[in-house]
1. Can you sort B:Met302, B:Met97 so the residue with the fewest Cβ neighbours within 10 Å comes first?
2. Could I have the simple spin-label model distance between A:Asp42 and A:Ser12, label points 7 Å from Cα toward Cβ, reported in nm to one decimal?
3. Among B:Glu301, B:Glu133, B:Glu175, whose mean-square fluctuation peaks in a Gaussian network model of chain B (Cα, cutoff 10 Å)?
4. Pop the C-beta distance of B:Glu161 and B:Asn19 into the FRET formula with R0 = 60 Å and round what comes out to the nearest 0.05.
5. For chain A, take the longest principal axis of its alpha carbons; what is the angle in degrees between that and the long axis of helix A:78-112, to the nearest 10 within 0 to 90?
6. Between B:Arg176 and B:Thr41, what length comes free when the chain is fully extended (0.36 nm per residue of separation minus the Cα-Cα distance, one decimal in nm)?
7. Obtain the nm distance between the two label points defined at A:Ile27 and A:Phe107 by a simple spin-label model: each point lies 7 Å from its Cα along the Cα-to-C-beta direction.
8. Would you grab the residues whose amide H sits under 5 Å from the one on B:Phe155? Only those 5+ places off in sequence or on another chain, please, with H modelled 1.01 Å from N.
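No lab work stands behind these numbers, since they all come straight from the coordinates. This is a predicted model, so every value here is computed, not measured. Cβ: placed from backbone, ideal geometry, glycine included. Neighbour counts: every protein chain shown.
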Amino acid sequence: MAQDAVHHESASKRIWTVFFILSVITIVEVFLGIVKPEFLVDTYLLRMKLLNWIFIVLTVVKAYYIVWAFMHMEHETKGMRRAVVWTAIFLICYLMFILLTEGEYIFDVYHDGYQSWDF
Amino acid sequence: MDATAVRTGTEGKIWGGGNQPLKVSYGKMMMWFFILSDALTFSGFLAAYGFSRFKFIDSWPIADQVFTHFPFLHGVDAPMYYVALMTFILIFSSVTMVLAVDAGHHMQKNKVIWYMFFTIIGGLVFVGSQAWEWTNFIQGEYGAVETRAGKILQFVNAEGERVALEDVAADIAVEREELTRSKGLWYLEEQSTLPDVSFEQVKAGFLADNNLFIRTQSQTEEGEKVVLSREESIKKLNDDGVGVVQGANLRHNEYGAPLFADFFFFITGFHGFHVFSGVVLNFIIFINVIMGTYERRGSYEMVEKVGLYWHFVDLVWVFVFTFFYLV
């Protein structure tokens, strides 16, 4: 019973900590989105603005905390975790890579062709 | 010994039932795999959005210029604040949900009831906020001119501030013949909503005022929309303009590419539907908790399962927020 109480306290403490982290990340995101610092907009990394990379990384961090802490993934067995998380990560990366590459290719076709699309 | 135990012949066999492979119950595991497949559905939508955006990377609408409203601050340019507020509402309802699950682990019925109640309220507030966001998007604010190719021309003054169609339009009488079946094709009907001003009025007003310029959909290297010079603006409007558009629907969109509106309606709509069904599921479980179903069952696992779904809805929103409003 005493052990239970200790566990309970640490569980709700963890919840509030995670809430705090998620809030701070969201505030940082909104701040960056409104201010749009020059050097982050002008710097490109792998053909994308550094600012956008920051947004995506922060989003993944948020997703990590939601899945691990709120959805209790951290307490599941390793097999369960891998079955869910790796499947999603692999398929989503694959889908993103294929569709974004294709989208960029079509942009080039429109852009470099002899047909005007802006009329 | 044989007489005391009923044997099913499946003891020790993991998949024979009764056991919990990967130490999760059947229901929880299936919820996880449903979430996985639903996550792939949403990533399919967002990947399609990314595809279209990369395809029109130099003319896609800028979210800051589209979502600028905040309740009770009419006319104030407030990009992002409202959607940030919505994000907080959803994250907070996720927190109350996980607190409910935690209270369920300790069989504290009253705590579960209260936390679930707050979760449901949070969900309803979020759905309401989304409805408000949609309303603003559909009604539009400034209006724009559409060209032959379906591109958008917006009006700005010399300071680069947007000017609404009503302010551009000249006060000239334009006759508009109503579309009736006897005059058009039998399946065509008069549109239910018409813009307040006609293209002719806007054109006349624009030509008369030297302080007006046209902002196009195209983007500069710095990611800002191109504003044409006065001569170019007049030429563009004369050559290409065909009609006016106010607000957005699936075919026309005053903010830019109609595809943007299509994806906005579809993805946020699909997410909103998930939130709504999450609220319904939460409500059913909430009633069960009040009636003491799980107290008698000796386990609040059902709360945990709807909790998983609810967190998933939050998880999706985090990504929608990033890809629609930030990136």
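1. B:Met302, B:Met97
2. With each label point 7 Å from Cα toward Cβ, the separation is 5.1 nm.
3. Fluctuation is largest for B:Glu175.
4. 0.35
5. On a 0 to 90 degree scale, this one is about 20.
6. Between B:Arg176 and B:Thr41, full extension yields an extra 44.0 nm.
7. 3.4
8. Distant-sequence amide H within range of B:Phe155: B:Val163, B:Arg215.
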